[in-house]
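Student: Structure provided below as C-alpha coordinates; questions to follow.
The values are calculated or read from the model by the stated rules, or taken from the named source; none is laboratory data. Computed from a prediction, not measured in an experiment: that's the story for all the values here. Note: areas computed on protein heavy atoms with side chains; ligands, DNA, RNA excluded. Shrake-Rupley method; radii C 1.70, N 1.55, O 1.52, S 1.80 Å.
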Amino acid sequence: MKKKIYIFLFSILGALVGFLAKGLVELKAIELLLFNFEKYSFGMSFENIVILHNAFSFLALFLGALVGFFQGKYWWRILYEKKTKDRQNITY
(Lines give C-alpha, C1' and ligand atoms only; values in the text may rest on other atoms or scores of the structure.)
Protein backbone atom coordinates (compact mmCIF):
# COMPACT_ATOMS: atom_id res chain seq x y z
CA MET A 1 0.00 0.00 0.00
CA LYS A 2 2.84 2.39 0.87
CA LYS A 3 4.44 1.77 -2.53
CA LYS A 4 1.21 2.59 -4.40
CA ILE A 5 0.76 5.85 -2.49
CA TYR A 6 4.41 6.77 -3.09
CA ILE A 7 4.14 6.19 -6.85
CA PHE A 8 0.76 7.98 -7.02
CA LEU A 9 2.15 11.04 -5.25
CA PHE A 10 5.20 11.03 -7.52
CA SER A 11 2.81 10.99 -10.50
CA ILE A 12 0.98 14.02 -9.12
CA LEU A 13 4.32 15.76 -8.58
CA GLY A 14 5.33 14.99 -12.18
CA ALA A 15 2.03 16.38 -13.49
CA LEU A 16 2.50 19.57 -11.46
CA VAL A 17 6.08 20.03 -12.68
CA GLY A 18 4.98 19.45 -16.28
CA PHE A 19 2.17 21.95 -15.89
CA LEU A 20 4.55 24.48 -14.31
CA ALA A 21 7.06 24.07 -17.16
CA LYS A 22 4.28 24.59 -19.72
CA GLY A 23 3.15 27.68 -17.86
CA LEU A 24 6.63 29.18 -17.93
CA VAL A 25 6.89 28.58 -21.69
CA GLU A 26 3.44 30.11 -22.17
CA LEU A 27 4.40 33.24 -20.26
CA LYS A 28 7.15 33.92 -22.78
CA ALA A 29 4.86 33.03 -25.70
CA ILE A 30 2.15 35.41 -24.45
CA GLU A 31 4.72 38.16 -24.06
CA LEU A 32 5.82 37.66 -27.67
CA LEU A 33 2.23 37.55 -28.92
CA LEU A 34 1.41 40.80 -27.13
CA PHE A 35 4.52 42.41 -28.58
CA ASN A 36 3.81 41.44 -32.21
CA PHE A 37 0.85 39.11 -32.79
CA GLU A 38 1.20 38.95 -36.59
CA LYS A 39 4.84 37.86 -36.45
CA TYR A 40 4.71 35.38 -33.55
CA SER A 41 1.32 33.79 -34.18
CA PHE A 42 2.72 32.04 -37.27
CA GLY A 43 -0.43 32.91 -39.22
CA MET A 44 -2.78 31.21 -36.76
CA SER A 45 -5.95 32.84 -35.52
CA PHE A 46 -6.63 33.36 -31.82
CA GLU A 47 -9.09 30.44 -31.85
CA ASN A 48 -6.41 28.11 -33.22
CA ILE A 49 -3.96 29.28 -30.58
CA VAL A 50 -6.51 28.43 -27.88
CA ILE A 51 -6.93 24.93 -29.36
CA LEU A 52 -3.15 24.54 -29.40
CA HIS A 53 -3.02 25.71 -25.78
CA ASN A 54 -5.59 23.08 -24.76
CA ALA A 55 -3.70 20.33 -26.57
CA PHE A 56 -0.39 21.29 -24.96
CA SER A 57 -2.06 21.52 -21.54
CA PHE A 58 -3.31 17.95 -21.84
CA LEU A 59 0.03 16.77 -23.21
CA ALA A 60 2.02 18.45 -20.42
CA LEU A 61 -0.29 16.99 -17.77
CA PHE A 62 -0.20 13.48 -19.27
CA LEU A 63 3.55 13.37 -19.95
CA GLY A 64 4.34 14.90 -16.56
CA ALA A 65 2.25 12.26 -14.81
CA LEU A 66 3.82 9.52 -16.91
CA VAL A 67 7.36 10.67 -16.13
CA GLY A 68 6.38 11.01 -12.46
CA PHE A 69 5.02 7.46 -12.46
CA PHE A 70 8.27 6.00 -13.81
CA GLN A 71 10.37 8.19 -11.52
CA GLY A 72 8.30 7.00 -8.56
CA LYS A 73 8.92 3.38 -9.47
CA TYR A 74 12.64 4.07 -9.99
CA TRP A 75 13.17 5.92 -6.72
CA TRP A 76 11.07 3.41 -4.75
CA ARG A 77 13.41 0.69 -5.97
CA ILE A 78 16.52 2.74 -5.16
CA LEU A 79 15.42 3.99 -1.73
CA TYR A 80 13.50 1.03 -0.34
CA GLU A 81 14.16 -2.22 -2.19
CA LYS A 82 17.90 -1.72 -2.66
CA LYS A 83 18.37 -0.73 0.99
CA THR A 84 16.60 -3.92 2.06
CA LYS A 85 18.92 -6.04 -0.08
CA ASP A 86 21.99 -4.20 1.21
CA ARG A 87 20.89 -4.75 4.81
CA GLN A 88 20.57 -8.49 4.20
CA ASN A 89 24.18 -8.72 2.98
CA ILE A 90 25.69 -7.08 6.08
CA THR A 91 27.58 -9.47 8.31
CA TYR A 92 28.31 -8.56 11.91
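Student: With all protein chains present and a 1.4 Å probe, how do Y6, Y80 order by accessible area, largest first? It would help to have the intermediate numbers written out before the result.
Tutor: On the way: Y6 50, Y80 85 Å².
Ranking Y6, Y80 by accessible area, largest first, yields Y80, Y6.
Student: Give me a comma-separated list of calculated 3J(HN,Hα) values for the stretch 4-21, in order, Karplus coefficients 6.51, -1.76, 1.60 applied at θ = phi - 60°, integers in Hz, x for any Gly or Pro.
Tutor: These are the phi-based 3J(HN,Hα) values: 5, 5, 4, 5, 4, 5, 5, 5, 5, 4, x, 5, 5, 5, x, 5, 5, 4 Hz.
Student: Here's a follow-up. Where Rh denotes the Kirkwood radius from the mean inverse Cα pair distance, what is Rg over Rh for the stretch 1-71?
Tutor: 1.17
Student: Heavy atoms of the protein only, probe of 1.4 Å, neighbouring chains included. What is the accessible area of I49 in Å², nearest 10?
Tutor: In the full protein context, I49 sits at about 30 Å².
Student: In degrees between 0 and 90, to the nearest 10, how far off the longest principal axis of the chain does helix 46-76 point, with axes built from Cα atoms?
Tutor: Between helix and principal axis, roughly 10 degrees.
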